[in-house]
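Peer 1: Pasting a structure here, questions to come.
Every read-out reported here was derived from the displayed coordinates using simple, explicitly stated rules and does not represent laboratory data. Here the structure is a predicted model, which is why all the values come from computation and not from measurement.
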Amino acid sequence: MALARTAAVVIGSFPLGESDRVVTFYSRELGKVRGVAKAARRMKSRFSGALELFTQGELVLFDTGRSDLVRIDHFDVGHPFQRVRGDLERLGQASWMVECVTRLTADRDRHPALYGLLVRSLRAMEDSSMPAWIAICFAARCLDALGHRPRLDRCTECAKAYPFPAARLDEGGIVCEGCAAHGGGTPISGVAAMALHRVRSVRWEEAISGGGQAHGELRAVLEAHMSRLIGYPTRTTKFLREIGRLTRVPAERP
């Protein structure tokens with residue numbers, strides 16, 4: 001039985017039996033790891049509220065090597081991110097981020113840069129008045145961290161230099177109108193392409209400082225791109241649409 005210790009973020013959980021809980025973490029040293037927290041649902045559990053979604057802390061686990069599930073021994077909270085969970089918009093945007101991490105990464109596939117990006121994004125989202133923009137910045141850089149960086153300088157099919165009219169973003173990057181006729185992809189304007197290039201190339205603090213142009217279009221493009229990589233639309237998108245409907249301020253009547 002191997003003992004391991006690593007910094008980690010809770011990215012999901014579900015009940016197991018009468019009192020246990022299966023928890024999924026994204027960790028700095030081990031990547032995505034799933035484990036059983038014994039008696040975590042009991043009133044006097046030693047885990048208390050430590051296993052809440054988005055909580056960052058120090059994970060101690062035992063890996064027997066006989067199962068995909070490890071045994072969670074301790075999880076010492078470093079940052080609970082209560083403000084992210086306490087606001088519907090922040091909750092929805094952060095849930096979209098962790099769903100992307102969950103769906104795009106394999107178990108035990110280590111990406112320290114992605115772990116760091118996730119923690120930075122949750123910290124930024126906690127205090128930002130633009131949580132949707134933080135999620136956009138996260139998604140653009142998440143693709144880079146996982147090796148899915150879309151090419152934006154020329155058509156990935158015929159190598160025609162960008163810009164060109166009627167561009168679309170496919171799995172590998174920008175495609176021109178002629179090449180897009182043979183496949184799919186998502187329409188992307190020059191403004192959105194420039195915004196995507198800027199978000200992933202400038203310093204993190206500069207990237208998250210403002211929404212810039214084509215905010216809505218860039219989110220739609222990244223959502224479509226994530227869905228292509230995952231194989232189906234993200235489940236959190238429906239939740240975000242419902243949040244938008246519920247929080248929309250009604251127009252004043254004359």
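Peer 1: In square nanometres and to one decimal, what's the mean projected area of the convex hull around the Cα atoms of region 110-254? Walk me through the intermediate numbers first.
Peer 2: Details: hull surface 44.1 nm².
Reported value for the Cα convex hull: 11.0 nm².
Peer 1: Determine the shape class of region 44-175: with a ≥ b ≥ c the square roots of the Cα gyration tensor eigenvalues, call it rounded for a/c under 1.5, and otherwise prolate if a/b is greater than b/c, oblate otherwise.
Peer 2: Details: a/c = 3.48, a/b = 1.72, b/c = 2.02.
Here region 44-175 falls in the oblate category.
Peer 1: Now for a different question. Using every Cα-Cα pair within region 2-80, state what percent have a distance larger than 15 Å. Display every interim value, and only then the final one.
Peer 2: Details: 1498 of 3081 pairs.
In whole percent, the share of Cα-Cα pairs in region 2-80 beyond 15 Å is 49.
Peer 1: Counting DSSP beta bridges with both partners in region 50-179, what percentage is antiparallel, nearest 5? Write down the numbers at each step before the final one.
Peer 2: On the way: 10 of 11 bridges.
Of the beta bridges lying entirely in region 50-179, close to 90 percent run antiparallel.
Peer 1: Now a separate question. Could you pull the Cα extents of region 87-153 along its three principal axes, largest to smallest, in whole Å?
Peer 2: 33, 31, 17
Peer 1: Right, another one. Round to a whole angstrom and tell me the spacing of the C-alpha centers of region 15-77 and region 137-174.
Peer 2: One Cα centre to the other: 37 Å.
Peer 1: Quick one: divide the alpha-carbon radius of gyration of the chain by 2.2 N^0.38 Å and tell me what you get. Each step should come with its number before you reach the end.
Peer 2: Values: Rg = 20.1 Å, N = 254, 2.2 N^0.38 = 18.0 Å.
With N residues counted in the chain, Rg over 2.2 N^0.38 Å equals 1.11.
Peer 1: Let me know the whole percent of all Cα-Cα pairs from region 180-236 that are separated by more than 12 Å. All intermediate terms of the calculation are to be shown ahead of the outcome.
Peer 2: Working: 1117 of 1596 pairs.
When all Cα pairs of region 180-236 are counted, 70 percent exceed 12 Å.
Peer 1: Can I ask one more? Taking 0.36 nm per residue of separation and subtracting the Cα-Cα distance, what length does fully extending Phe239 through Ala39 add? Working shown, then result.
Peer 2: On the way: separation 200, 0.36 × 200 = 72.00 nm, distance 3.02 nm.
Between Phe239 and Ala39, full extension yields 69.0 nm more.
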